[in-house]
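The values are calculated or read from the model by the stated rules, or taken from the named source; none is laboratory data. Bear in mind the structure is a predicted one, so any value in this text is a computation, not a measurement. Counting neighbours? That spans all protein chains shown, and the Cβs are built from the backbone with ideal geometry, glycine included. Just the protein is used for accessible areas: all its heavy atoms, side chains included, with ligands, DNA and RNA removed. Shrake-Rupley method; radii C 1.70, N 1.55, O 1.52, S 1.80 Å.
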Amino acid sequence: MNFLLRFVVFCLDPLGLGRRFLIRPALNLGWNVYDRVRSKADEKVGTVRELVLRMGLIAFAVVLIIWLAVFMYAAFYYVYMPAISHTRPVHMQFKTCLETSTPCTFPHAHVSLTKKQQLLMVGQAYKVIVNIDMPESPQNLELGMFMVCAEMRDYDSMLRGHSCRSAMMRYRSPLIRMISTWALSPLYVLGWKEEFQQVPVEIFSRYLEERQHPITDVYVEIQSQKIQFYTVTLHIVADFTGLRYIMFNWPVLSAIVAISTNLFFILVIFLLSWYHWSDASWLHSLQIKYARLTKSLEPGVVLSKASSLRDDDDDLVAYSDKSGIADVGSDTLSDADSDELVLVKKSSSGKPDSQDALHKRHSKKTTTTTDH
């Protein structure tokens, strides 16, 4: 089998170029990559405990990021979205006439919404609706149209809104009423349904709350003495537009989009922060620069620098004076003398030469004189 395998390899690659330039380099590269990855894995994850700890930290970070994204959307929803509706019962009052046993005054009621609190959201439009449950009695069918009025007042009893709207029962012909009565008679007999109509009267279409004058009381009046009704309720419904409309009508889609957006930005911030703080070389260099700056600003260092600068200036002035005197006294200074002057300058500036350097320069001067 081994001989057959070698024969096949020899037939495919008789000169051994493929094995030398392709197979062996590829195998060596693969083994090197494997050894490098294995060594790094052994260095970073030495034990099972460290691996479990890292996985736990990663899971905790993921859960924290997801929880933070959900919490941000929930907080935004709670702050941005107002209550959808507020419902209050309306208890009508009127004075009864003793002669006719009918109301002598219009039915009216006082509805208390809140006690000096901000019930409605500022800047949000609301619909104020009065629902009247009216039985299909002959008196109501002959009633025709009637008026419903409402007043909005704040905690100082100041009038903030007044409106009146007309209303009436829905008309149905005698034939339609008879057919519906016969069709729904089992439900009427069992008490599962009643013969009445709910008449909604929209008092305010877009009422806007004021921050300084919140509404606390509503006064409702039905301007009809012959009306008959079961119950009257007051509904204040928020009229959503724009983003609130989308969040209210498509809550699941809005939550998915908002939470995904929060996750994206939180992950970007987290990755940038991790990349920025993981490389601490910039922080170390900044600490070194700060230490140098604080050391250079110390009083003793500043004074020593200033004194050294003044000494250097004095040495330069003395050297210039000496060079001027030398030029006036003797015009035949040799190069060796100029070298000695340079040595004097260097020694005066605080950097004296060693004895060996001076000996070398004297020997150089002697050699030059002998040559001349």
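When each of the peptides 63-75, 163-175 is scored by the mean number of other C-beta atoms lying within 10 Å of its residues, the order from highest to lowest reads 63-75, 163-175. The residues packed around Cys149, meaning those with a beta-carbon under 11 Å from its beta-carbon, carry a net charge of -1 if Lys and Arg are +1 and Asp and Glu are -1.
Each residue was assigned an accessible area with a 1.4 Å probe, and for Val33 the value is about 80 Å². Calculated on C-alpha atoms, the gyration radius of segment 81-157 divided by its Kirkwood radius gives an Rg/Rh of 1.05.
Each Cα pair under 8 Å and six or more residues apart adds its separation to the average, and for segment 67-217 the resulting relative contact order is 33 percent.
Please compute, over every Cα-Cα pair in segment 66-196, the percentage with a separation greater than 19 angstrom. Cα-Cα pairs in segment 66-196 separated by more than 19 Å: 70 percent. Taking each residue as 0.36 nm, the span from Ile246 to Met121 lengthens on full extension beyond its C-alpha to C-alpha distance by 43.2 nm. Per-residue extension of 0.36 nm, minus the Cα-Cα distance of Ser273 and Val52, leaves a gain of 77.2 nm for this segment. With every protein chain in place and a 1.4 angstrom probe, the accessible-area ranking of Met152, Met147, largest first, reads Met147, Met152. Comparing segment 124-188 with the 2.2 N^0.38 Å rule of thumb, its C-alpha radius of gyration ratio is 1.67 (two decimals). With the cut-off at 20 Å, report for segment 143-266 the share of all Cα pairs above it, as a whole percent. Here the long-distance tail beyond 20 Å is 67 percent of all Cα pairs in segment 143-266.
Take the Cβ atoms of Glu194 and Leu141, set R0 to 22 Å, and the FRET efficiency comes out at 0.90.
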